[in-house]
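The values are calculated or read from the model by the stated rules, or taken from the named source; none is laboratory data. Since this is a predicted model, take the numbers as computed values, not measurements. Methodologically, a virtual Cβ is constructed for each residue, glycine included, from the backbone with ideal geometry; neighbour enumeration extends over all protein chains shown. Accessible surface is based on the protein model in full, side chains and every heavy atom, while ligands, DNA and RNA are left aside. Shrake-Rupley method; radii C 1.70, N 1.55, O 1.52, S 1.80 Å.
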Amino acid sequence: MNFTNCYEDVNRANAYATLEFANTYYLAYRDLPEMVARHVTGTKAMDFGCGTGRSTRFLRKFGLTVTGVDISEDMLRVARATDPTGDYRLVPSDNLDEFPVGSFHLVLCAFTFDNIPGAMKTGIFRDLTKLLTPTGIIINLVSSPQIYTNEWASFSTKDFPENATARSGEVVRIVVTDHQDRRPVEDILCTDASYRGVYRGAGLEIVQMFEPLAKGDEPYPWVNETRIAPWVIYVLKRAT
Ligand SMILES: C[S@@+](CC[C@H](N)C(=O)[O-])C[C@H]1O[C@@H](n2cnc3c(N)ncnc32)[C@H](O)[C@@H]1O
């Protein structure tokens with residue numbers, strides 16, 4: 001598949017850096033502190049696909065020492081400028097050899113696998129699994145398939161009716177309405193069944209799967225968020 005990471009782009013990186021934790025993104029991050037407190041047994045974390053560092057800085061607030069890694073130099077440049085003391089590394093071709101095996105208590109992937117073609121997912125998860133301590137976990141936060149066929153406080157998909165017939169592994173498009181860059185983001189649709197196959201292939205098992213819904217009393221202009229989950233969060237550990 002000929003797929004380009006749309007985050008390798010200066011203008012998108014600058015727009016992305018203005019996003020924080022409001023609107024639909026609130027639901028992506030809301031439950032992570034509780035998940036970290038419940039499942040993470042140490043302080044060393046990798047933020048795989050850290051982008052401009054939003055998720056890296058978020059994890060640090062919970063006392064974790066975090067290394068952010070990404071394949072986009074444009075995103076990392078903004079991350080380093082925003083957070084000069086942070087640890088941000090470029091991983092060309094997803095070569096993770098510079099990181100010692102068995103050294104991370106947590107690997108967070110926040111939206112990263114939305115942008116990784118299906119054929120690459122299993123191999124990358126296998127490499128990330130090697131980096132975990134014996135009790136280490138991976139949190140994989142991804143877009144739900146329903147995000148691409150509905151409207152949201154932070155996103156629009158109404159201009160892409162073809163998303164409705166896309167199959168797992170195919171490209172889907174979505175516009176982020178929370179920032180200035182209204183060019184569609186191209187993601188790879190990945191169903192729950194496909195993710196489960198990827199996890200099996202990578203030697204991982206699901207500890208918890210969570211689909212966050214809004215309660216309705218939050219200060220955000222919800223569209224479908226109280227009845228359809230825009231995100232899926234998987235907590236994963238080495239299969240026993
Ligand atoms: C939607 S952004 C999310 C950024 C950040 N995690 C956050 O929550 O703000 C997805 C990031 O994943 C990165 N990415 C895509 N494919 C990747 C890969 N194969 N390896 C590492 N990072 C990747 C992109 O460059 C982009 O910065």
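Given region 26-128 reduced to its alpha-carbon atoms as identical point scatterers, what log10 I(q)/I(0) does the Debye formula return at q = 0.25 Å⁻¹?
Each listed q corresponds, in turn, to -1.55.
I'd like to compare 90-98, 9-17: which one has the highest average count of other Cβ atoms within 10 Å, and what's the full order after that?
Numbers: 90-98: 11.2, 9-17: 17.8.
Most protected by this proxy first, the peptides run 9-17, 90-98.
Ignoring everything except DSSP H segments at least 4 long, calculate the 222 nm mean residue ellipticity for the chain; use -39,500 (n - 2.57) per segment, divide by total residues, nearest 500.
-7000 deg cm²/dmol
How much length would be gained if the chain were fully extended between Glu73 and Ala119, taking 0.36 nm per residue of separation minus their Cα-Cα distance, in nm to one decimal? Write out the running numbers ahead of the final one.
Numbers: separation 46, 0.36 × 46 = 16.56 nm, distance 2.30 nm.
Contour length minus Cα-Cα distance gives 14.3 nm.
Rounded to the nearest 20 debye, what is the charge dipole size of the chain about its Cα centre when +1 sits on each Lys and Arg Cβ and -1 on each Asp and Glu Cβ?
600 debye
Given a 1.4 angstrom probe, what's the average accessible area per residue across the chain, in square angstrom?
Value returned for the chain: 43 Å² of accessible area per residue.
Which value, in debye to the nearest 20, gives the size of the charge dipole of region 45-164 about its Cα centre, when Lys and Arg are +1 and Asp and Glu are -1 at the Cβ?
Charge dipole, region 45-164, about its Cα centre: 380 debye, nearest 20.
Please give the charge dipole size of region 7-69, origin at the Cα centre, charges +1 on K and R Cβ atoms and -1 on D and E Cβ atoms. Round to the nearest 20 debye.
Dipole magnitude for region 7-69 comes out near 240 debye.
Reachable lysines from Lys44, Cα under 17 Å, same-chain residues fewer than 8 places away excluded?
Of all the lysines, those that pass the test against Lys44 - Cα under 17 Å, at least 8 places apart if same chain - are Lys61, Lys130, Lys237.
To the nearest 10 degrees, how steep is helix 73-82 against the longest Cα principal axis of the chain, on a 0 to 90 scale?
Taking Cα atoms only, the helix is inclined about 80 degrees.
Ignoring ligands, DNA and RNA, please state the percent of accessible area on region 1-111 from carbon and sulfur, probe 1.4 Å.
Solvent-exposed carbon and sulfur of region 1-111 make up 52 percent of the total.
With N residues in region 160-239, what two-decimal value do you get for its Cα radius of gyration over 2.2 N^0.38 Å?
That works out to 1.33 for region 160-239.
Quick one: grab the alpha carbon gyration tensor of region 130-182, order the square roots of its eigenvalues as a ≥ b ≥ c, and give me rounded if a/c is under 1.5, else prolate or oblate depending on whether a/b is larger than b/c.
Note, shape of region 130-182 comes out prolate.
Taking the Cα atoms only, what angle lies between the long axis of helix 118-130 and the longest principal axis of the chain, rounded to 10 degrees?
Helix 118-130 sits roughly 30 degrees off the main axis of the chain.
Please turn the phi angles of region 9-19 into ³J(HN,Hα) values with the Karplus equation 6.51 cos²θ - 1.76 cosθ + 1.60 (θ = phi - 60°), one per residue in order, whole Hz, x for glycine and proline.
With the stated coefficients, region 9-19 comes to 6, 4, 5, 5, 4, 5, 5, 4, 5, 7, 6 Hz.
Give me the extension gain from Arg200 to Phe3: residue separation times 0.36 nm, minus the current Cα-Cα distance, reported in nm with one decimal.
Going from the current span to full extension adds 68.5 nm.
Calculate the FRET efficiency for Arg227 and Glu186 from the Cβ-Cβ distance with a Förster distance of 25 Å, rounded to the nearest 0.05.
The value I calculate is 0.40.
With angles folded into 0 to 90 degrees, how steeply does helix 192-201 sit against the dominant principal axis of the chain? Use alpha carbons for both and round to 10.
Long axis of 192-201 versus the principal axis of the chain: about 20 degrees.
Whose amide H sits under 5 Å from the amide H of Met46, counting only residues 5 or more places off or on another chain, with H placed in the peptide plane?
Close amide H contacts, sequence-distant or interchain: Thr67, Leu106, Val107, Leu108.
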